[in-house]
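What follows is a short report on a single structure.
The values are calculated or read from the model by the stated rules, or taken from the named source; none is laboratory data. It should be emphasised that the depicted structure is a prediction, and the values quoted were computed from it without experimental measurement. Backbone-built Cβ (ideal geometry, glycine too); neighbour counts: all protein chains shown.
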Amino acid sequence: MLRSLFSLTRIILCGLFIFLAANIAQAQFKASIQGSITDTGGGLVPDAKVTLTNTETGKTQETTSSGDGFYRLSGLAPGKYKLTVEKQGYRQKVFDNVVVNAEAVQGVDVPLEPGEVSATVTVTQDTEATIDTENANIDKAITTQEVRELPQFGRDPYNLIRLTPGVFGEGARGSNGLSSNLPNQPGPGGSNRSIFQTENQVQVSADGQRITANNYQIDGTSVNSLTHGGAAVITPNQESIKEVRVIANAYSSEYGRNSGAQILTVSQNGTNQFHGSLFLKNDSPGLNAFNKYGGFNNAPPVRVNTHLNQFGGSLGGPLPIPRFGEGPPPAFRLGRDKVFFFFSYEGLRSTISDTTNSFIETPDYRSLISQLRPNTIGNQILTSSGIAPRIISVIPVPCTAAGFSATSTGCRQLPGGLDIGSPTGAVGQYVLSSNPVGGGLDNIPDIEFAQLAVPSKQKGNQYNIRVDYIVTPKDTVTVSGYRSIFDATQSDASANSRPMADVTTHPINSLITVTYTRTISSTTINEARFNATRFAFNELQSSRATNFGIPRIQIEAFGLPGTLNKVIQFGAPYSETTPGIFAENTFEFRDTLRKVMGNHAWSFGGELRKEQDNNNLVGAARPLYTFGGPWNFANDTPLFYQIAASPQNGGPPSTQRHFRSGTYALFAQDDWKFRPNLTLNLGLRWEYFAPLSEANNVLSNLVLGPSGGQELTGARIVTGLDQLYPPDRNNFAPRVGFAWSPKKIAGFVTENKLVLRGGFGIFYNRIPLVDFTNTRANPPFEARYTICCGTGNEFSTPFADGQILYALGANNTPFSYPANPALILTFNSNGIPTNTVNGTKQVEIYGAPADVPTPYVYAYSFDGQYELPHKLTAEVGYQGSASRKLVRLVNQRFIFPNNPDTFFASGVFFPTPDTTASYNALLATLTRRFSHGFQFTGHYRWSKSIDIVSSDEVGAPTNPTFPLDVRQERGPSDYDVRHYLVGSALYELPFFRGRKDALGVILGGWQVSGIATYHTGFPWTPVIGNCPSTNRPVVCPARPTQYFGGAGNDTSNDAFITGSNFPGGGTHFFSTIGATGFGPTAGLLPGIGRNSFRGPKYRNIDLTISKRFGLSRFLNEGANLEVRANFFNVFNMQNLQSLNFNTSSTNITDPNFGRSPGGLAGRVIEIQGRFSF
């Protein structure tokens, strides 16, 4: 790993050298100040000298107003500036405190008064934009104060993204404190590890779009996951953030890659004054409240049981520079006005003590098998290290708890557990399901019911450093970086919390950015940037104590009818990504030239991004076995076998891939001050997303046959591809916006009070790699096998005619299992398998169609902002979007009807670009700027979002219920809510505020801040679990074919706890005719509309109460100690989990239909102390 970091560093330095030599550039910051300079009569003043000074670093920039009286100063960091304007014949105008927000254009118009230059007019109050007169963006600046003061679960600053107008998110946490995804979102989800989430897919939707459309940047460089859209691989710690700008609708052509929210984080920099912090935060389960609804079957309420400590600090200031023997002592001098540094650190230590109740085997059972079957694979597993579950207590239960009837003779309760039989037969001999007791009851307890500890522990360290070097008044170099190191050990409740199943993961996420800015003239800035982003981990190395040479073992039902939910399992969790070996790199070059010409502020630039996905999904080579009861396990006779193998030799597949992708973009942007009160934003962007390739051409795809019925029957598998699909280079994206501040409207004087803004733009979306990388499992490289059933001739044959190979690995790795010759496939000249295994189609094909156009979105908005008295600003407007060519993952056997049962593949899954979406919303915002210790912002949205599928991620929740006709899937988006309200506030209580006497110290310094969220319910779709025939692959699940009416529409919590909207169950309100069995379905499917019902509403208030103790008498003026308590869901409001697709809650035949599966988190309390100076 260290070698990889050194390699990245070498590449960065080489890239920097090349870029400096070529004098290429890209800005460190995108913020600007611009405006018009006028005289008292409103005439434009040309050739005025404009000087801007950063009050933190002392850096100055100068320019002169154009012939149109226009000026612009670019490349600014967020913060406060001093603006000076002067010209002969006019009095000098000085603005002492101009507030510049991150990545935004701040309008400051300057009226000059006639007089001597030596006569100065000084404006001392903060000069901050109250209305946005320079562009049409719908956005918000999340300030340093908001990041420091507003409650954020786990100190994750991305929790505040949802405070932006035009962005939807609820910030909910599950009953266990983990992130609660928006409905039916299959990706990695929001952060469950504070700022240490490997891929933090924040659950927010901007402009009605998919969460995968969001784009994350830190200091202007991408920190996006390659695999999952809308996920950040670096979540910055609070101490390192200067400001975050979130743009829901961006009309500048500088923004690309994605069409959703642009989340632009600017890291903290050093200044001429030393400043820093230390903090400690504690989460203790004893402070938390239980929620009010535990779930189905009268499950008890639960609380968040995470014990967590977070700690860290920061230090910044002028960088001490060695004198190298020159000049008088001391040996170091401070780099004031020259070199600045900033360093931050955050650590996390967490333990979670969950519990679960389940049946487990007894020590007596393990001893019995060891005695009677000493040479079996089962005994090797039962005598492996870490086999014993973590038992807290054994709970005596009767036989009926294990599914036996009260009169059953197949179970006997004993002091040590339940006797359910004994071994019978011989090794390799199947025990029939008709003989669940095997050799009969033997007075030895075989299973017991126990409460088990399910512990996990986490350790994280994040380091951030930034150095700014003002080489000359015209040259600045900045180097910044983040490095997050995380360790987590998780026990597996489904494997009965055995230490043998523990998996330790050790991801390391890194970001390094180098920036060079050159001021060529007072009107021209050239800027250059290079960055490298990486995340990697290897669970084979970090989980050395876990033996992946033991398969995943499932003992189902103990051989008892009706108890399939009572499963005993051994071995580490089973998935292709366990153990995970991941390594993903992004290298990015950006180039921008900014030039002011007259009243035009031009930006020209481009970017190049190279992406490497070197993941190795080794878990696929490890088998899973299922046994029909404990006596078949004792005899080494599995019922079911699942494994991924090479179809060429039956051995472990080659799972290592070196996928490559990239992005190329060019843009031109003109911010035209057409009139002093009218700004036009005109831009054009071209963007090209290179198709997926593999460095060694280990890539295959299914090429469809001729149209007209032979698409599948005439298909062929092609290998050695240099790219998965043809490129789409036609991605031109025009953008236009305007901001008009009329002097009068409808007879009312509105000058400097009202702005009307609007914009339109086309945006293209990069398709997440997760939609394509399943091609690694394509033949001839790999096939996924599921073989059933091995029985004693009841309904099959032993070991499924010898095709089930039951074995352990030769060592601790998944690669060490023996080859199974029964899995070998033969291929014809078209690369198509000509034989089957177990009489079934064991091949799935993942690939891409011949035409994969880039998804694009039309985004548009119109709004009006008005400055009200008392520091208030009101905004009302319209926001909308229309999405085209979005992808859905669909089995092509549904699309093309001519695919007989002899077709070789069970499924052909292509990301199909045939879906659309639309969104329309009314937005209303009321903001009070910080004054007299108080600020608030409230956003209301009334909206409707319609789509066909609400995510382009791969997963069961995104499966269509009628894939044959995409039009039949059109309905409300899974995350559509009709009404949404979110507000935040900061309030410094006025009592003894600013007092430095004893009363001020004791009673002053109190602050209350909080976030309130409300929205109406999410939509959901009733389904039936039976699989109707469509003369193609079966549809599973299907929508009911008819709704009879009469169901309630109550969206209260009580309705979804009791299921009172559907008294008597779902079958009383829906017809299943045509959706059961395999009969004809013409005219019946697809059934009722998708997302035609609504779930429970959501309400939540998070609150922070803090007390600040001033320490100026001991340290500097700004030193203080703050003690705070964060209350998440402060009033312990009852909120419910959503009703997700194809679950017990939405299946009309399930007794829990129409009920929420459980409650969200109850009140959680965090205590934090923070010292700052």
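Among the residues of region 790-821, the ones that are farther than 21 Å from Phe548 by Cα and crowded, with 18+ Cβ neighbours inside 10 Å come to 6 in all. The one condition from (1) crowded, with 18+ Cβ neighbours inside 10 Å; (2) over 23 Å from Leu163 (Cα atoms) that Gln152 does not meet is (2). Pairing residues of region 399-420 that are at negative phi and without any contact (Cβ under 8 Å) to a residue 24 or more places away in the chain with residues that are basic (Lys, Arg) and outside any helix (DSSP H, G or I), at Cβ distances under 9 Å and at least 6 apart in sequence or on separate chains, gives Cys399/Arg412.
For region 86-109, which positions are of a type in the set (Val, Ile, Thr) and within 19 Å of Met597 (Cα to Cα)? Within region 86-109, Val105, Val108 qualify. Any residue that is touching a residue at least 24 places away in the same chain (Cβ under 8 Å) and either part of a strand (DSSP E or B) or assigned by TED's automatic domain parsing to the domain that holds Glu170 (or both) - is there at least one of those in region 960-975? Yes, that holds for at least one residue.
Within region 934-956, one or more residues are surrounded by fewer than 16 Cβ atoms within 10 Å (Cβ to Cβ), assigned to a loop (DSSP other than H, G, I, E, B) and modelled with pLDDT under 95.
Taking the conditions (1) out of contact with any Asp or Glu (no Cβ under 7 Å at 6 or more places or on another chain); (2) among the aliphatic types (A, V, I, L, M); (3) at pLDDT 95 or above in turn, Ala917 satisfies each one other than (1). Any residue at all in region 1037-1049 that's among the charged types (D, E, K, R) and surrounded by fewer than 18 Cβ atoms within 10 Å (Cβ to Cβ)? Scanning region 1037-1049, I find no residue that is among the charged types (D, E, K, R) and surrounded by fewer than 18 Cβ atoms within 10 Å (Cβ to Cβ), so the answer is no.
Among the residues of region 1122-1159, those identified as of a type outside the set (Val, Ile, Thr) and farther than 30 Å from Asn1026 by Cα are Glu1122, Arg1124, Ala1125, Asn1126, Phe1127, Phe1128, Asn1129, Phe1131, Asn1132, Met1133, Gln1134, Asn1135. Quick check: is even one residue across region 1100-1120 out of contact with any Gly (no Cβ under 7 Å at 6 or more places or on another chain), outside any strand (DSSP E or B) and modelled with pLDDT of 95 or more? No: zero hits. Scanning region 108-126 for residues that are within 41 Å of the chain's Cα centre (by Cα) and either farther than 25 Å from Asp670 by Cα or buried (at least 21 other Cβ atoms within 10 Å of the Cβ) (or both) yields a count of 3.
Just one residue in the set Gln429, Gln458, Gln451, Gln371 is free of Cβ contacts under 8 Å to residues at least 12 places away in the same chain and either under 29 Å from Ala501 (Cβ atoms) or in contact with a helix residue (DSSP H, G or I) (Cβ under 8 Å, 6 or more places away or on another chain) (or both); that residue is Gln371. The residues of region 962-995 that are more than 28 Å from Leu1103 (Cβ to Cβ) and modelled with pLDDT under 85 amount to a single one, Leu964. Residues that are within 30 Å of Thr130 (Cα to Cα), in a loop (DSSP other than H, G, I, E, B) and not small (Gly, Ala, Ser) within region 739-796 comprise Pro742, Lys743, Thr750, Glu751, Asn752, Lys753, listed in sequence order. Considered as a group, the residues in region 694-717 that are surrounded by 14 or more Cβ atoms within 10 Å (Cβ to Cβ) and of a type in the set (Gly, Ala, Ser) include one that is nearest to the chain's Cα centre (by Cα), and that residue is Ser700.
Search region 1118-1131 for residues being surrounded by fewer than 18 Cβ atoms within 10 Å (Cβ to Cβ) and of a type outside the set (Phe, Trp, Tyr), and hand back the single one that is nearest to Lys1097 (Cα to Cα).
Ala1125
Across region 592-643, the qualifying residues are those that are β-branched (Val, Ile, Thr), more than 30 Å from Ile33 (Cα to Cα) and surrounded by 23 or more Cβ atoms within 10 Å (Cβ to Cβ), and the one among them that is farthest from the chain's Cα centre (by Cα) is Thr637. Restricting region 1140-1173 to residues that are of a type in the set (Ser, Thr, Tyr), outside any strand (DSSP E or B) and modelled with pLDDT of 95 or more leaves a set whose member that is nearest to Leu1121 (Cα to Cα) is Ser1156.
Of all residues in region 845-877, those that are touching a Gly at 6+ places or on another chain (Cβ under 9 Å) and more than 26 Å from Pro727 (Cβ to Cβ) total 10.
Among the conditions (1) closer than 30 Å to Gly270 by Cβ; (2) in contact with a Phe, Trp or Tyr (Cβ under 7 Å, 6 or more places away or on another chain); (3) not basic (Lys, Arg), the only one that Leu73 does not satisfy is (2).
Within region 210-229, does at least one residue satisfy the condition of being in contact with a helix residue (DSSP H, G or I) (Cβ under 7 Å, 6 or more places away or on another chain), among the small types (Gly, Ala, Ser) and in contact (Cβ under 8 Å) with a residue 60 or more places away in the chain? Quick ask: steps written out before the conclusion?
Here is the first cut: in region 210-229, the residues in contact with a helix residue (DSSP H, G or I) (Cβ under 7 Å, 6 or more places away or on another chain) are 226-229.
Still in the list and also among the small types (Gly, Ala, Ser): 229.
Checking the rest, the ones that are also in contact (Cβ under 8 Å) with a residue 60 or more places away in the chain come to 229.
Yes: region 210-229 contains one or more residues that are in contact with a helix residue (DSSP H, G or I) (Cβ under 7 Å, 6 or more places away or on another chain), among the small types (Gly, Ala, Ser) and in contact (Cβ under 8 Å) with a residue 60 or more places away in the chain.
Considering region 569-592, the residues that are aromatic (Phe, Trp, Tyr) and either part of a strand (DSSP E or B) or free of Cβ contacts under 8 Å to residues at least 40 places away in the same chain (or both) include one that is nearest to Thr626 (Cα to Cα), namely Phe570.
Counting only strands (runs of 3 or more DSSP E) that sit wholly inside region 445-559, those with at least 3 residues that are not polar (S, T, N, Q) are 447-472, 475-490, 508-521, 524-538, 552-556.
The lone criterion from (1) more than 30 Å from Val339 (Cβ to Cβ); (2) more than 22 Å from the chain's Cα centre (by Cα) left unmet by Phe537 is number (2). Considering region 957-990, the residues that are of a type in the set (S, T, N, Q) and surrounded by fewer than 21 Cβ atoms within 10 Å (Cβ to Cβ) include one that is nearest to Phe1018 (Cα to Cα), namely Thr958.
Once region 517-534 is narrowed to residues that are more than 30 Å from the chain's Cα centre (by Cα) and among the polar types (S, T, N, Q), the residue that is surrounded by the most Cβ atoms within 10 Å (Cβ to Cβ) is Thr517.
Here is a yes/no grid of residues against (1) under 31 Å from the mean Cα position of the chain (by Cα); (2) crowded, with 20+ Cβ neighbours inside 10 Å:
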| site | (1), (2) |
| --- | --- |
| Asp670 | no, no |
| Tyr688 | yes, no |
| Thr719 | no, no |
| Trp740 | no, no |
| Val755 | no, yes |
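Consider region 56-84 and keep the residues that are among the hydroxyl-bearing types (Ser, Thr, Tyr) and free of Cβ contacts under 8 Å to residues at least 40 places away in the same chain. The one that is nearest to Thr679 (Cα to Cα) is Ser65. For region 180-230, which residues satisfy the criterion of being modelled with pLDDT of 95 or more, farther than 17 Å from Val246 by Cβ and part of a strand (DSSP E or B)? Of everything in region 180-230, just one residue is modelled with pLDDT of 95 or more, farther than 17 Å from Val246 by Cβ and part of a strand (DSSP E or B), namely Ile195.
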